[in-house]
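So the structure is just underneath, and the comments pick up after that.
None of the figures in this text is laboratory data; all of them are computed from the coordinates on show. Please read these numbers as outputs of a predicted model, since none were measured by experiment. Heads up, the Cβs are rebuilt from the backbone with ideal geometry, glycines too, and the neighbour counts pull from every protein chain shown.
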Amino acid sequence: MEKISWQSPSNIAIIKYWGKYGNQLPRNPSVSFTLKHAVTKTTMIATPLDKTSGTPQVKFFLAGVENPAFADRVTKFFGGIREFFPFIESYHYEIHSENSFPHSSGIASSASGMSALALCLCELAMRIQGQTEAIGTSSFIERASFISRLGSGSACRSLYPKLASWGETDAIIGASDTEATPCEDWLHPLFNGFHDDILIVSKKEKSVSSTVGHGLMDQNIYAESRYNQAKSRMSVLMDAFRTGDIQTFGEIAESEALTLHALMMCSTPSFILMKPNTLKIIEEIRNFRADTKLPLFFTLDAGPNIHMLYPDQIAKEVADFRESQLKDLCQDGFMLLDEMGEGPIRL
Ligand code: PMV
């Protein structure tokens, strides 16, 4: 029996991955901040199957409560990666997962959850091969990024500290469609400790799953222009990271968020995932920026919650503004104050 535990973070995309093909390959490159506090801790207990114990079984517990729907998702994921891990069907799995953020907080857990699970699997593979010294090396992390991508595309970026890209782009040498590339070295010191305050407008689960959302892009008449836009933005944004051009960073971040939502609004069927308070907060942020000239920006995931992005230098001013103007627009005043983090930790 093997017991393996990893902690892995969520990430927030600045250039969004929206549209895929083949075996979880992205239609355009994306880049994200790795978060620090929004993490999943996963423990995997793998018990070798003997000839008499039948087909492999997955049991999944979320915060101590058995969750058959997640077990089904993991079983499907394991089925899809058999070719990379031939041992996978020779074990039973008991998986215990816990998120640092409340389960029904509207914060997506697939990036942190899938990356933590992929790390456990990669460690199991190393233990089986007797190569425990390879655990945590850069090729191990690369492998975990590749495997997490097959579970949830955006998860592959969570494996690296601070900033990671995914998808082929001329902007980053060696960038690939099959796994993420670490980009921490691109960051100008102005981006050190960059903040992401997650303002929870609604704790409800997303009304459209990302699988459905990606699928809608196949029929979206703006799809090709969108993919080209993301491709050309990659070099502009990476340059902004390198030179500390927070203005350009912010313009791209906000436009990417609104583009993602616009694509959903003009898909068939159409989805409006913003709520009235999402728009109110966007307006407040833009007013604050106009009044103070401080670099406070927002992005959105495929849901109603706002991610408020800003450099550490203005944390005090933003805290006052957040508490006085924004807190009341959040459901039960709930906000998760996050920042750039260092990536996964073996527990
Ligand atoms: O990894 P998925 O399939 O859940 O897709 C995530 C898509 C976005 O979060 C909207 C954008 C991104 O790049 O993370």
Return one number: the angle in degrees, 0 to 90 and rounded to the nearest 10, between the long axis of the Cα atoms of helix 110-128 and the longest principal axis of the Cα atoms of the chain.
-> 30
Let a ≥ b ≥ c be the square roots of the eigenvalues of the Cα gyration tensor of the range 1-131; is it rounded (a/c under 1.5), or, if not, prolate (a/b larger than b/c) or oblate?
-> prolate
Helix 246-265 vs. the chain, principal-axis angle (Cα, 0 to 90°, nearest 10) | 70
Packing-ranked peptide list from 199-205, 149-155, highest mean Cβ count within 10 angstrom first, is 149-155, 199-205
Decide, for the chain, between rounded, prolate and oblate: order the square roots of the alpha carbon gyration tensor eigenvalues as a ≥ b ≥ c, take rounded if a/c falls under 1.5, and otherwise choose prolate if a/b is larger than b/c, else oblate.
-> prolate
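Classify the range 227-347 as rounded, prolate or oblate from the Cα gyration tensor: take a ≥ b ≥ c as the square roots of its eigenvalues, call it rounded if a/c is under 1.5, otherwise prolate when a/b beats b/c and oblate if not.
rounded
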Once you have the Cα-Cα distance between E342 and Q57, take 0.36 nm times their residue separation minus that, and quote the gain in nm to one decimal.
-> 99.3 nm
Got a sec to turn the phi values of the range 94-102 into Karplus ³J(HN,Hα) couplings, 6.51 cos²θ - 1.76 cosθ + 1.60 with θ = phi - 60°, whole Hz, x for Gly and Pro?
-> 10, 10, 10, 10, 9, 9, 6, 9, x
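Which value in deg cm²/dmol, rounded to the nearest 500, describes the helix-derived mean residue ellipticity at 222 nm for the chain, given -39,500 (n - 2.57) per DSSP H run of n ≥ 4 and division by the residue count? Mind dumping the intermediate values first?
Details: 8 runs with 118 residues, N = 347.
Mean residue ellipticity at 222 nm (helix-derived): -11000 deg cm²/dmol.
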Listed highest first by mean packing, meaning other Cβ atoms within 10 Å per residue, what order do 331-338, 120-127, 107-114 come in?
-> 107-114, 120-127, 331-338
Lysine pairs meeting the criterion (Cα under 16 Å, 8 or more apart or interchain), as found in the range 189-339 | 8
